[in-house]
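These notes are about the structure you will find just below.
The values are calculated or read from the model by the stated rules, or taken from the named source; none is laboratory data. Everything numeric here is computed off the predicted structure, so don't read it as measured data. A quick note on method: Cβ atoms are made from the backbone with ideal geometry, for glycine too, and the neighbour counts reach across all protein chains shown.
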Amino acid sequence: MWTGLILAGGASRRMGRDKALLRLGGATLLERAVALVREAGGEPLVVAPARPGHDPAGIRRVDEGASGRAAGPLVALRHGLDACGTEIAVALACDLPLVPASLLRHLAAGAGGEHQAVVPRSGGVLQVLAAAYAAACREAIDRHLRSGGRSVHGFLEEVRVRYLEGEELEAFGGPGIFLNVNTPEDLARAEAILAARGAAGGAPPEAGGDGP
């Protein structure tokens, strides 16, 4: 068993409203992330401050830490690794709604043992918020935080990483799977991509009845 750490505590400054509660394809981004983790075979754990009335029912949640929304993704990842209770966790930012469940499953299968992290690299960009991490990463994260580091990329130099790229990554879809929904324009692009997938016979993940 592995845990899907759904990182949903961003400030959403460019969007102007809480991104996790935006609706895409009939579900909120938070609901979509929960559904994707479940489809991939993981146990969802939402890492974010509480959203009374909006948190999916029956889902475990842990706060990002004492700093709340200002904590940042690295602190959120660290708290998630502590709280998840499994050896392997796959981080998934809720504003990456086009990442396929098959990729999450593949990332989880590759982490642990020889590799403490499995990170996709698309177009030269590391997708650290759609990546797998073993519990052993916690010590490296702690050292990085004590040194003043706040970037998720920063601690990767201290752990054994397998980078998923090239043809292996292409098998899960092109660079578009990492579309980050930061602005209304990004949301419109994601809607268009989902519509095109639907026309081609694809289907978005079901919310599974876990909505508010």
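Using the structure shown, decide if Leu81 is without any contact (Cβ under 8 Å) to a residue 60 or more places away in the chain, in contact with a helix residue (DSSP H, G or I) (Cβ under 7 Å, 6 or more places away or on another chain) and either closer than 25 Å to Glu167 by Cβ or not in a loop (DSSP other than H, G, I, E, B) (or both).
Considered against the rule, which asks whether it is without any contact (Cβ under 8 Å) to a residue 60 or more places away in the chain, in contact with a helix residue (DSSP H, G or I) (Cβ under 7 Å, 6 or more places away or on another chain) and either closer than 25 Å to Glu167 by Cβ or not in a loop (DSSP other than H, G, I, E, B) (or both), Leu81 comes out as no.
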With the condition kept exactly as written, say whether any residue in the range 62-73 is under 25 Å from Asp142 (Cβ atoms), in contact with a helix residue (DSSP H, G or I) (Cβ under 7 Å, 6 or more places away or on another chain), β-branched (Val, Ile, Thr) and crowded, with 16+ Cβ neighbours inside 10 Å.
yes
**Prompt:** Scanning for something modelled with pLDDT of 95 or more, among the small types (Gly, Ala, Ser) and either farther than 20 Å from Ala190 by Cβ or surrounded by 18 or more Cβ atoms within 10 Å (Cβ to Cβ) (or both), does the range 44-59 turn up at least one residue?
**Reply:** no
Expected output for the range 42-66 (first residue touching a residue at least 12 places away in the same chain (Cβ under 8 Å), partner surrounded by 14 or more Cβ atoms within 10 Å (Cβ to Cβ) and hydroxyl-bearing (Ser, Thr, Tyr), Cβ below 7 Å, 6+ apart or cross-chain) is Gly42/Thr3; Glu43/Thr3; Leu45/Thr3
| query | Quick check: is even one residue across the range 198-207 in a helix (DSSP H, G or I), at pLDDT below 95 and surrounded by fewer than 18 Cβ atoms within 10 Å (Cβ to Cβ)? | reply | yes
Q.
When you scan the range 22-33, do you find a residue that is at pLDDT 95 or above, buried (at least 22 other Cβ atoms within 10 Å of the Cβ) and over 24 Å from Asn182 (Cα atoms), even just one?
A. no
Of those in the range 96-114 that are assigned to a loop (DSSP other than H, G, I, E, B) and modelled with pLDDT of 95 or more, the residue surrounded by the fewest Cβ atoms within 10 Å (Cβ to Cβ) is Pro100
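Could you check the range 137-175 and list, in sequence order, the residues that are in a loop (DSSP other than H, G, I, E, B) and either at pLDDT 95 or above or more than 21 Å from Ala89 (Cβ to Cβ) (or both)?
Within the range 137-175, Ser147, Gly148, Val159, Arg160, Glu165, Ala171, Phe172, Gly173, Gly174 qualify.
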